[in-house]
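The values are calculated or read from the model by the stated rules, or taken from the named source; none is laboratory data. Just so you know, these numbers come straight off a predicted model, no measurement behind them. Backbone-built Cβ (ideal geometry, glycine too); neighbour counts: all protein chains shown. Keep in mind that these areas ignore ligands, DNA and RNA; they rest on the heavy atoms of the full protein, side chains included. Shrake-Rupley method; radii C 1.70, N 1.55, O 1.52, S 1.80 Å.
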Amino acid sequence: PEETVTSSFASFIHAVRPEHLSKTVRHRSKRMILDSIGVGLVGSTTHVFDIALQYCRLYSSVAVSSVYGKPGVKLSPTLAAFTNGVATHSMDFDDTWHPATHPSGAVLPALLAASQMLPPSTKPNGMDFLLAFNVGLEVQGRLMHFSTEAHNIPKRFHPPSVVGTLGSAAATAKLLSLSAAQCAHALGIAASLAGAPMANAATQAKPLHIGNATRLGFEAALLAARGMEANPLILDDIPGCSGFSAFYSVYQPKPLSTPSDHHEFLLEKQDIAFKRFPAHLGMHWVVDAALSVRNLFINYAGSFSPSLIRTIVLKIPVSKYINRPFPSSEHQARHSFQFNACAALLDGEVGLSSFAESSIHRQELRELLDKVVVEHPEDNVANFDKMYGEVALLLHSGDVLTGKCDTFYGHWRKPLSKESLLKKFRSNAAHVLPEEKIETIITMVNNLENLSDSSQL
């Protein structure tokens, strides 16, 4: 039969081998795995995680898969994936790619749970695990490139709920060694389980998008393994009958070539962004710009004195769901240009404690928020590869101080150093794990290629 876009993806998932992973891809993906575990561990301390865990414990029967931050607690594999996915995105602290999505959180929890689910005789080794993880990333990245709409900050569907669900299905199908036909059906089933609206951003429901993506993709692979079938053209552009194209207004799919001697993964060409603090990625531009202008202000006035400021001008891209003048909850604050700029100005940093209720409702912070004016320059587009953040302080004296950031530290153009990534992981993991276990995880991920049983992770 003639090859289709869908069959080409299925063939790739089935045929790709560990030797196709370059040194760069292995290095970058291990950084992602380590960061995602750390983010999940600190995320297990949140209220929304507790809600998800309480729900899942009502229905868990075959309890074999571990839960972030809860020693001794196990759930059924798909519910463990769901719960850990919620933890990963509970603080909006997880990695971000371009086109915009959160790739690791939609894949890693499913693979961790599946590794524990499999019987001892079929446990995947570390290299199998690393390959499956990269298959999940590759499928997400390729799908995102099918639409120019996906390159910009989203307006309709939250991307990880769409491409992440298929990425989880692909990764789990690879780990479970499904046939090419089963891989195609897993993608088709996952497409029927995908999608969440952007209106739930900045609410407790948003972490469910990642939890559902990793869980439902996992379930799609399990259903395909048991013989369930779906549309074999789900990724193709079929006039008059939407498949995956239903999620995008512009959709131009391309086949994914089956790897022969060499395959260049998208991660080879496009590195990932790691967040230094737990908030929407767009906030990192305005925070770095605010910290820059804060230093200028201190040099100017000797200290940071809000009373000298008449107006704070933010020059940011148009994106309605992250333009929040007066956030009233931690989730709204994580999605507010205004809040993050003012918190950085007031405190000289943004971190976990910045989003505590006591911090959000400080009188001095509210007074700064009252001074904020937002502008949307035409050249500042809502695109994580092109946008910038600018913070200008208009002083009562008539002087103007300006800070601008077009590439924050942690962006794929300015990656976190090894030291910074390890510092973030250790800080996150220390909320729930003792030091010796933290160091064991670091060593295990660094040597993942040599791990004989990936369920040890």
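As a rough guide to protection, the peptides 32-40, 12-20 ranked by mean Cβ packing within 10 Å, highest first, stand as 32-40, 12-20. Counted over the chain, the DSSP beta bridges are approximately 80% antiparallel.
Using a simple spin-label model with pseudo-atoms 7 Å out from Cα toward Cβ, Glu2 and Lys418 lie 5.1 nm apart. Only Lys, Arg, Asp and Glu carry charge here, each on its Cβ (+1 for the first two, -1 for the last two); on that basis the stretch 18-121 has a dipole of about 280 debye about its Cα centre. Among 389-401, 150-162, sorting by the average number of other beta carbon atoms lying within 10 angstrom of each residue, highest first, gives 150-162, 389-401.
Distance from the alpha carbon centroid of the stretch 317-380 to that of the stretch 211-279 works out to 34 angstrom.
Among 138-146, 335-343, 242-250, 312-320, the peptide with the highest mean count of other Cβ atoms within 10 Å heads the list, and the full ranking is 335-343, 138-146, 312-320, 242-250.
Ranking Val372, His331, Leu394 by how far each Cα lies toward the positive end of the dipole of the stretch 312-396 (charges on Cβ) leaves His331 at the top.
Note on the chain: with charges restricted to the Cβ of Lys and Arg (+1) and Asp and Glu (-1), its dipole about the Cα centre is near 540 debye.
A simple count of charges around Ala196, restricted to other residues whose Cβ falls under 12 Å of its Cβ and scoring Lys, Arg +1 and Asp, Glu -1, yields +2. A cut-off under 11 angstrom between Cβ atoms defines the neighbours of Leu346, and their net charge, with Lys, Arg +1 and Asp, Glu -1, is -1.
In plain terms, the bigger the Kirkwood radius, the slower the diffusion; for the stretch 268-307, with that radius from Cα pairs, at 10 °C and 1.306 mPa s, Stokes-Einstein puts D at 129 µm²/s.
Report, to one decimal in Å, the Kirkwood hydrodynamic radius for the chain based on all distinct Cα pairs.
By the Kirkwood definition, the hydrodynamic radius is 22.4 Å.
The charge dipole of the stretch 281-405, taken about its Cα centre with unit charges on the Cβ of Lys, Arg, Asp and Glu (plus for the first two, minus for the last two), comes to roughly 120 debye.
Relative intensity of the stretch 339-441 on a log10 scale, I(q)/I(0) at q = 0.13, 0.24 Å⁻¹, equals -0.72, -1.30, per a Debye sum over C-alpha point scatterers of equal strength in the absence of solvent. Over the stretch 281-405, the pair-distance histogram of Cα-Cα distances with 5 Å bins from zero comes to 2, 12, 24, 25, 20, 12, 4, 0 percent, rounded to whole numbers. Evaluated on the stretch 180-311, the Kirkwood hydrodynamic radius is 19.6 Å, with distances taken between all distinct Cα atoms. Both the radius of gyration and Dmax for the stretch 112-256 are 15.1, 47 Å, in that order, over alpha-carbon atoms. Go through Ala279, Val250, Tyr55 and say which Cα lies farthest out towards the positive end of the charge dipole of the chain; charges sit on Cβ, +1 for Lys and Arg, -1 for Asp and Glu. Ranked along the dipole, the leading option is Tyr55. In the chain, helices alone account for a calculated mean residue ellipticity at 222 nm of -14000 deg cm²/dmol, with every DSSP H run of four or more residues adding -39,500 (n - 2.57). Using only Cα atoms, find the angle between the long axis of helix 23-43 and the longest principal axis of the chain, and express it within 0 to 90 degrees, rounded to the nearest 10. Compared with the principal axis, the helix lies near 70 degrees.
Measure off, as a whole percent, the carbon and sulfur share of the 1.4 Å-probe accessible area of the chain, all protein chains present.
51
Ranking Cys405, Cys241 by solvent-accessible area of protein heavy atoms (1.4 Å probe, all protein chains present), from largest to smallest, gives Cys241, Cys405.
Just to confirm a number: summing +1 for Lys and Arg and -1 for Asp and Glu over residues other than Phe9 whose beta-carbon lies under 11 angstrom from that of Phe9, what do you get? So the surrounding residues net to -1.
Put simply, the stretch 240-309 fits an ellipsoid with semi-axes of 47, 20, 9 Å; these come from the alpha carbon gyration tensor as the roots of five times its eigenvalues, largest first.
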